[in-house]
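Here's the structure we're looking at; comments come further down.
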Protein chains: 4
Amino acid sequence: MNNFRNDYSDFGSKEIYQEIERIFDKKLSGYGTDEISKEAKDLILREIEREADIEFVSGGTATNILATTFGLRPYEAVLSASTGHITHHETGSIEATGHKVVTLETSDGKLRADEIRQIIDGQPGEIDVKIKVVYISQTTEVGTVYTIDEIKEIYEVCQEKNLYLYIDGARIAHAMAANSSSLSDYAKYSHIFSLGGTKNGAIFGEALVILDENLKKDFRYYLKQRGAMMAKSFLIGLSFKVLFQDGLYYENAKRAYDKSRMLVEGLKDLGRDPVFSESNQVFIKSSPEEIEKLKKENIFEIENAKESIIRLVTNYRTSEEEVRGFLNSINN
Amino acid sequence: MNNFRNDYSDFGSKEIYQEIERIFDKKLSGYGTDEISKEAKDLILREIEREADIEFVSGGTATNILATTFGLRPYEAVLSASTGHITHHETGSIEATGHKVVTLETSDGKLRADEIRQIIDGQPGEIDVKIKVVYISQTTEVGTVYTIDEIKEIYEVCQEKNLYLYIDGARIAHAMAANSSSLSDYAKYSHIFSLGGTKNGAIFGEALVILDENLKKDFRYYLKQRGAMMAKSFLIGLSFKVLFQDGLYYENAKRAYDKSRMLVEGLKDLGRDPVFSESNQVFIKSSPEEIEKLKKENIFEIENAKESIIRLVTNYRTSEEEVRGFLNSINN
Amino acid sequence: MNNFRNDYSDFGSKEIYQEIERIFDKKLSGYGTDEISKEAKDLILREIEREADIEFVSGGTATNILATTFGLRPYEAVLSASTGHITHHETGSIEATGHKVVTLETSDGKLRADEIRQIIDGQPGEIDVKIKVVYISQTTEVGTVYTIDEIKEIYEVCQEKNLYLYIDGARIAHAMAANSSSLSDYAKYSHIFSLGGTKNGAIFGEALVILDENLKKDFRYYLKQRGAMMAKSFLIGLSFKVLFQDGLYYENAKRAYDKSRMLVEGLKDLGRDPVFSESNQVFIKSSPEEIEKLKKENIFEIENAKESIIRLVTNYRTSEEEVRGFLNSINN
Amino acid sequence: MNNFRNDYSDFGSKEIYQEIERIFDKKLSGYGTDEISKEAKDLILREIEREADIEFVSGGTATNILATTFGLRPYEAVLSASTGHITHHETGSIEATGHKVVTLETSDGKLRADEIRQIIDGQPGEIDVKIKVVYISQTTEVGTVYTIDEIKEIYEVCQEKNLYLYIDGARIAHAMAANSSSLSDYAKYSHIFSLGGTKNGAIFGEALVILDENLKKDFRYYLKQRGAMMAKSFLIGLSFKVLFQDGLYYENAKRAYDKSRMLVEGLKDLGRDPVFSESNQVFIKSSPEEIEKLKKENIFEIENAKESIIRLVTNYRTSEEEVRGFLNSINN
């Protein structure tokens, strides 16, 4: 079977397990206070080229909860594209902290600076919530990738309107592979962003890069309170250390991205036109009959059953054979 | 000035103050345990023609918080029309309790039974919230009124899908004036509904009629916790007693409704076509210039500045002179 | 029956109803934006002798929720005496907003400055909550009254440790009657405090006096969100206007206090020693048999059933006859 | 250095990594839907000898949040010993979900059945929260271990009073080593309990065993919402599979327990009397001077600085050399 179901089905990069084997008898202190986590943070800081607080978090939903809601006062809200992961894929986790998610319809999963300005300026005052955080995902849930210019413009509106910009970087590595952006770009144009580990070769876990002073203060209290500070946080620290010490983080993403390009090109050659497939998530319009056929040799998810849109995800362990296999089965 | 700003600008019906004067030296027990509240509840029970628990609540927002969220488990959500009062007029009060409000776009402020069934059947499972409460307002925020048949159909879907139907009856009296429905209808076709006092002659306060057994159990704990159980709850009880003992509740609403009809007819005579103005809220499309002119002799709110839609609200104390005054000023 | 059950069993001062009658036909704007509320606020500001934001709130529990939790970040907590009203008399209303109430055992219902300093200095860091708000009640729930010096010392610790001091003034009027303190004292030595109306002659409602800039900002959003901003907020404004325009607020409290002194002196004459009865709440140790006897002609609450401690509350409408009546029945 | 700091400083049992190596190229489905998790659950079910739902959770704090608060209505609360982990070691995580933790002082970290009955029977009604969940930890935070009879009695009170009993089993394995209880005992006498992995050889993660039907229903929605359902949940599943397939879970605990006995016996031989050290946490009264001396060759935490009580924790990887090393350094 060719497996394109998602990018979190593997155990993580083997280099991490080699490192665990090497230091297996070490006893490390808990809750992210260990020396390996320290090394990992220094490696990330080197990449982002500015001062920041970095915390390792157990998973993506927890990361989004923490980053979007930590800086909010009770009546403040989060703005997201209506396709944003936090709106309908995390079981109301933001609302569960007491805060509304205000959504904007978009054509391509991306918020635009001028739309944000407009919605902020049109807020009616105390009878409604007050938006304080802008949530964007890089790459987006529909397969698009923000340019750094687009993010910069959003950031500037946030600065002007006294908002926080949070970039959900669950797939930020794949975005960097797609548009040659660098971590220092994201650190320049956001108040807090996440660095996905789960989907790019870590055993598991995400890193949060906290840039705004107000969000740094006492952040670890919140990390602990929400159950996202792991006793064995060093496992995440070690994953990030291995991923960043020799560029594996970027290599993994490039490998996933290259396979997605191979897939997109192959589909185009077959006369199929993938929609919004700028990174490692490839979406194609299919049909109920074709889906049945494809399922025999391929594993994937159906993004939109009504319109028969399927999603193919590559990751760093996707093989060329799998890509060819899928293209073959669509061609028969 | 002709005042159409809203229906909560007055001190309440003078009959209530007469009753207070009559019993001024009485000392009444607190938190709704007094005998007057008991009498008021009995009067309401007589109208709804079935067994129910009734609680008096300090105000409308509190009433909506209590009624929509009491029965929810952490991951459960509320469904509302996107124009519903709870979505953008109560400062995220539902989300502040930890629950998402899922919204549906409508053409006229009304949810439809089949749309509800569709959204329930299409829920994706544990990655998203699960709708448990359907919120509708009678009358709606855009001026329409549900027929009892429409509510019955919604109630039946709720029964079928194991949902609670809550009817926000802040203006339920005006709905009854408009479509000859009765309180027993609402008690038949909902799990919980509110009976607005504030906008129909009470000094202040609302009544919640709780029909579902699960929502009755321990409800007063929640009333207390949310700060909505008043020490002097007898003030609300007394308002409702006076309003219901001789039909004043209905008379007040009829008076407000009649003025709104006079207004609508007058506007039609002038070639103006009020939109969705089925009850005591009358909406008309105006223009920036006309609005300026109207403001000189009339008080009202602008519902939609971009489209110059203004809102005129009548209540039981609106006079015929005020209606004529407004019609005159629009005609000049 | 001599009624000492509580101080919120009456309709409020008759002067307020006279004022309502006088302006009965006025239409007032909603949600506290009316001119009468403005006048009331100016009258209060005159008393507190400094700049402040003042908001009127529907009731005491709502007031406490708003004042203690508005300024908190998610991991911050409230410190209270274990007898504090918010700990076991408001159904977990503070916790319901997501914040812990840390309690201290006291001998007399009062927190002390040095104990507060000690608990703050001993906090263990991110594994536990961080106290941000100190809650004290004036008068306390056990009948004692803080001296202004005691409050000043607590305030100074709060300043030093970057905490907010909130004074729950549900019975602050009675405290002023008891110890000759003034509203300007409380405004000098707190960040936010409440001015009880319900228990001192208002129809209903409380005033919150907000002194700290951070707590002022956007406070009305929270007031609205928690369902405590009343549509007919002018009723509370009007109560406070009448209470403050000619000193009725102080007169009412004095009247209640004088009756409590009469009661205390009478009890002492009978060889009974009321405990902690420094203000309008008088506590005496009784016995099951005596309680049965007293109940025949008196209404009161049992504070502590196990120890047979009963509570007698006077208010501005308590009569000398009632006091004499109670003393007679205890003497027979 | 002899390391007794805690029992979560290691990478987990090497057998788990051997299993990962064996199946390294497998792609497993996400969020606990994989076949390995299924196998692990079956192995646990075999041990508990009754039907149950089992979910794997990212960490201990998350586990406690989920288990204690899932079944609560808004006004319901949790009862815990004042030493319970949820009271002052998890940053107010329970309160952050909106629920109060009511605490009881105990002499030895254990709740007693009759105390629970007493507190339940003495609840004052709607002015205070209503206890619904009883939280106990096995082993307790002070080093004691409940007997199964004690738990049975607590469970019976919970059944009688319609409460849920949750057993926090972060160190349940060590309890079983200490008192020969079995998982089937805990499954018989609780409504939900956790099975600690982090502290007993798992890479990381805990298992929740859900026995009550009401707590089973839709539990995974809550797991997702609170950010505790891991994309790579199979890592936890695999840990538990390896731990339970050949009894490693029990062996690990026994190894830890045996070292703690060796430590306790050695201390007694030196005339020292460890307090409450019934399992793998050993507490001894020391002195500031001795602590300084011990720190030179040993790593441990200070439980109570004021009283110079130190905590020594053994786990499955503690060596006899470390134990002897510590005893030597205390003897010199």
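The peptide list D:162-175, B:16-29, put in order of mean Cβ contacts within 10 Å with the highest first, becomes D:162-175, B:16-29. Charge tally around C:I131: other residues with Cβ under 14 Å, Lys/Arg +1 each, Asp/Glu -1 each, net -2. Applying a DSSP loop filter and a limit of 15 other Cβ atoms within 10 Å to the GluC sites (Glu not before Pro) in the range B:255-332 leaves B:E297, B:E307. Helices in the protein assembly as shown, meaning DSSP H runs of at least 4 residues, each add -39500 (n - 2.57). Divided by all residues, the mean residue ellipticity at 222 nm is -12500 deg cm²/dmol. Each Lys or Arg adds one and each Asp or Glu subtracts one; over the other residues with Cβ under 15 Å from the Cβ of C:Y221, this totals +1. Across the cross-link table entries A:K26/D:K27; D:K38/D:K130; C:K241/C:K293; A:K296/D:K41; D:K161/D:K224, which are compared at the Cα atoms, the separations over 32 Å belong to D:K38/D:K130; C:K241/C:K293.
Where does the Debye-calculated log10 I(q)/I(0) of the range C:14-245 sit at q = 0.10, 0.13 Å⁻¹, using only Cα point scatterers of equal weight, no solvent? Taking Cα atoms of the range C:14-245 as identical point scatterers yields -0.43, -0.73. Remark: the range B:235-250, residue by residue, has Karplus-estimated 3J(HN,Hα) of 5, 6, x, 5, 4, 5, 4, 5, 5, 9, 5, 10, x, 4, 4, 6 Hz, where x stands for each Gly or Pro and the curve is 6.51 cos²θ - 1.76 cosθ + 1.60 at θ = phi - 60°. Going by the alpha-carbon gyration tensor, a ≥ b ≥ c the square roots of its eigenvalues, is the range C:116-156 rounded (a/c under 1.5) or, if a/c is not under 1.5, prolate (a/b greater than b/c) versus oblate? Judged from the Cα gyration tensor, the range C:116-156 comes out prolate (a/c at least 1.5, a/b above b/c).
Other protein chain C-beta atoms within 10 Å of residue C-beta, averaged over C:46-58: 1.
Inter-chain Cβ neighbour count for D:95-108, averaged per residue, equals 5 (cutoff 10 Å, partner chain atoms only).
Pairs of Cα atoms nearer than 8 Å and 6+ residues apart set the relative contact order; for chain C it is 26 percent.
For the range B:306-332 versus the range C:3-75, the spacing of their alpha-carbon centroids is 32 Å.
The trypsin sites (Lys or Arg not before Pro) found in the range B:270-332 that occupy coil by DSSP, while having at most 13 further C-beta atoms within 10 Å, are B:K296, B:K306. Among A:N298, A:N252, A:N214, the largest mean-square fluctuation in a Gaussian network model of chain A, built with springs joining Cα atoms closer than 10 Å, belongs to A:N214.
Peptide A:129-136 has a mean shielding of 2, counted as Cβ atoms of other protein chains within 10 Å of each residue's Cβ.
Residues whose amide H lies under 5 Å from that of D:S137, counting only those 5 or more places away or on a different chain, are D:D168; hydrogens are built 1.01 Å from N in the peptide plane. Each peptide among A:83-90, D:30-37 gets the average number of other Cβ atoms lying within 10 Å of its residues, and from highest to lowest they stand as A:83-90, D:30-37.
Can you tell me, using C-alpha contacts under 8 Å and at least 6 residues apart, the relative contact order of the range D:62-166 as a whole percent? Computed value for the range D:62-166: 32 percent relative contact order. Here the Karplus relation 6.51 cos²θ - 1.76 cosθ + 1.60, evaluated at θ = phi - 60°, turns the backbone of the range D:19-32 into coupling constants of 5, 4, 4, 4, 10, 4, 8, 5, 10, 10, 6, x, 6, x Hz, with x for every Gly and Pro.
Let me make sure I get this right: for the range B:169-268, a, b and c are the square roots of the gyration tensor eigenvalues over alpha carbons, sorted descending. Under 1.5 in a/c it's rounded, otherwise prolate if a/b > b/c, else oblate. Which is it? Prolate is the answer for the range B:169-268, as a/c is 1.5 or above and a/b outweighs b/c. The Cα center of the range C:246-269 and the Cα center of the range B:86-122 differ in position by 53 Å. The share of C-alpha pairs in the range C:233-332 whose separation exceeds 17 Å stands at 55 percent. Taking the axis that rotates chain B onto chain D, the chain B residue nearest to it by Cβ, with the distance rounded to whole Å, is B:G98, 3. Taken over the C-alpha atoms, the range B:3-142 has Rg and Dmax values of 19.2, 60 angstrom. Quick one: grab the alpha carbon gyration tensor of the protein assembly as shown, order the square roots of its eigenvalues as a ≥ b ≥ c, and give me rounded if a/c is under 1.5, else prolate or oblate depending on whether a/b is larger than b/c. Cα axes put the protein assembly as shown in the oblate bin. What net charge do the residues around C:G60 carry, taking every other residue with its C-beta under 9 Å from that of C:G60, with Lys and Arg at +1 and Asp and Glu at -1? Around C:G60, the charge tally is -2. Across the copies of the chain, D:K216 has label points (7 Å from Cα along Cα→Cβ) spaced 3.0, 5.0, 5.8 nm apart, shortest distance listed first. Each residue of the range C:266-277 is assigned a 3J(HN,Hα), and the resulting list reads x, 5, 4, 4, 8, x, 9, 10, x, 9, 6, 9 Hz, derived from the Karplus form 6.51 cos²θ - 1.76 cosθ + 1.60 (θ = phi - 60°), x at Gly and Pro.
Between A:N298 and A:N2, the built amide H atoms are under 5 Å apart, and every one of these is 5 or more places off in sequence or on another chain. Placing a label point 7 Å from the Cα of B:T147 along the Cα-to-Cβ direction, the distances to the matching points in the other copies come to 5.5, 7.3, 7.6 nm, shortest first.
Shown for B:S308: label points 7 Å from Cα along the beta-carbon vector, and their distances to the equivalent points in the other copies, 5.0, 8.0, 8.6 nm in ascending order.
Since every read-out is calculated from the coordinates, none of them should be taken as a lab result. Keep in mind it's a predicted model, so treat the numbers as computed, not measured. Here Cβ is always computed from backbone atoms with ideal geometry, including for glycine, and neighbour counts include all displayed protein chains.
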